[in-house]
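Below: one structure, written as structure tokens.
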Amino acid sequence: MLDEYALEQPIIYKTLLNAVLKNTITHAYLLELNGYSKGFDFAMAFAKFLLCPNHYPNGEKCNGCHQCETIDDGNFLELKIIHPDGQWIKKEQLEELQQEFNRKALVGNQKIYIIDGADKLNTSSANSILKFLEEPVPEITAILLVDNAYQVMNTIVSRCQILSLKKENIYQKAQLDLKSKLAYYSFHEQDEIQKFLNNEDTDEKITSVVDYIYYLEKNGYQAIIYKNKPFLEIFNDKNLLYLAFQWFILYYKDVLNCLMKKNIEFFQEEKDKMEEIAAKNTLLSVSKKLEILLDLSEKIKFNVNATMLMDKLVIDLMEVKK
């Protein structure tokens, strides 16, 4: 159970252990995964720890109890797990959760719900969960999973205790090229990762994102005329465009790393261009550009006009003072 992560995630492990021992468990946690591949497993171990009548962090003490087995089988009534339905988490999923959790617990007195991919909440579903978080019930604990807390609405983040998991070195390994790093970052299921790596169009998409940013930083408003249309021909649906914006965000985070003299995490192969962009920007301007990208990426979740969105991207980024 939770003890399995004592070495890999020592700070969070001790935080949660002490919270249970001192009876200071909060009503909502936002687990920031930071690319940690065992993030969902960690959340499940935490849930088991909370639901265990004796709060055993070690699975051997439980000795494969019926409750743990029921949780592993996905049949434990007091634990609800919500995954995105397609690309997004829908309002109906949250309404169903609220209906189920309005009923008294049948086993013990603790209920837990895990939202896997909290960045996939659209406005309707986010507002539904917000109402749940604004009126906490002592017996109910929320665990929201997201790779980066900046991808979640501020109103939700402000109502959660943020626990940032220690980042794995997977993205910094020399043997991983940019394509592989983006695959492991963008997808969590092995079949999705493999499909991405095997797709003949993947290299074209990555190149398009990198070239777009470089052109935009160099030529400014001309990107609206010369780049937006061909870019949208490649990223021609909502899901692909959202993916492109996540890569834009990663790119500017690496520009930020350049400015702060830190290691480039993803776009090491684009180091020369990235340093050229960094030289024309400041920490403040790059931070502002990241805020703009995060805000616009949220708008993609709705029926926004893609052409107008890309035009706004260019205008907003160019208005940032360098």
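Results, tabulated for the structure shown:
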{"read-out": "Highest average packing first - 233-241, 130-138, Cβ atoms within 10 Å", "value": "233-241, 130-138"}
{"read-out": "Whole-percent carbon and sulfur share, accessible surface of the chain, 1.4 Å", "value": "49 percent"}
{"read-out": "Value of relative contact order over segment 215-322, rounded to a whole percent, pairs C-alpha under 8 Å and six or more apart", "value": "36 percent"}
{"read-out": "About the Cα centre, charge dipole magnitude for segment 192-322 (Lys/Arg +1, Asp/Glu -1 at Cβ), debye", "value": "540 debye"}
{"read-out": "Cα gyration tensor, segment 211-283 - rounded (a/c under 1.5), prolate or oblate", "value": "oblate"}
{"read-out": "Calculated volume of the Cα convex hull per residue in Å³ (choose from (i) 144; (ii) 134; (iii) 157), label", "value": "(i)"}
{"read-out": "Within the chain: Cβ-based charge dipole about Cα centre, in debye rounded to nearest 20 (Lys, Arg +1; Asp, Glu -1)", "value": "1060 debye"}
{"read-out": "Lys, Arg +1 and Asp, Glu -1 on Cβ, resulting dipole of segment 277-322 about Cα centre, debye, nearest 20", "value": "160 debye"}
{"read-out": "Listed residues Leu241, Met260, Ile206: farthest to the positive end of the dipole of segment 187-262 (Cβ charges)", "value": "Met260"}
{"read-out": "Restraint check, Lys229/Lys321; Lys205/Lys288; Lys14/Lys179; Lys14/Lys261; Lys273/Lys312, Cα-Cα greater than 28 Å", "value": "Lys14/Lys179; Lys14/Lys261"}
{"read-out": "Whole-Å distance, taken between Cα centres, linking segment 253-301 and segment 188-229", "value": "15 Å"}
{"read-out": "For the chain, accessible area per residue (1.4 Å probe, heavy atoms of protein chains only), Å²", "value": "51 Å²"}
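The values are calculated or read from the model by the stated rules, or taken from the named source; none is laboratory data. These numbers come from a predicted model, not from an experiment. Note: ideal-geometry Cβ built from the backbone for every residue, glycine included; neighbour counts use all protein chains shown. Calculation scope for accessible area: heavy atoms of the full protein, side chains included, ligands and nucleic acids excluded. Shrake-Rupley method; radii C 1.70, N 1.55, O 1.52, S 1.80 Å.
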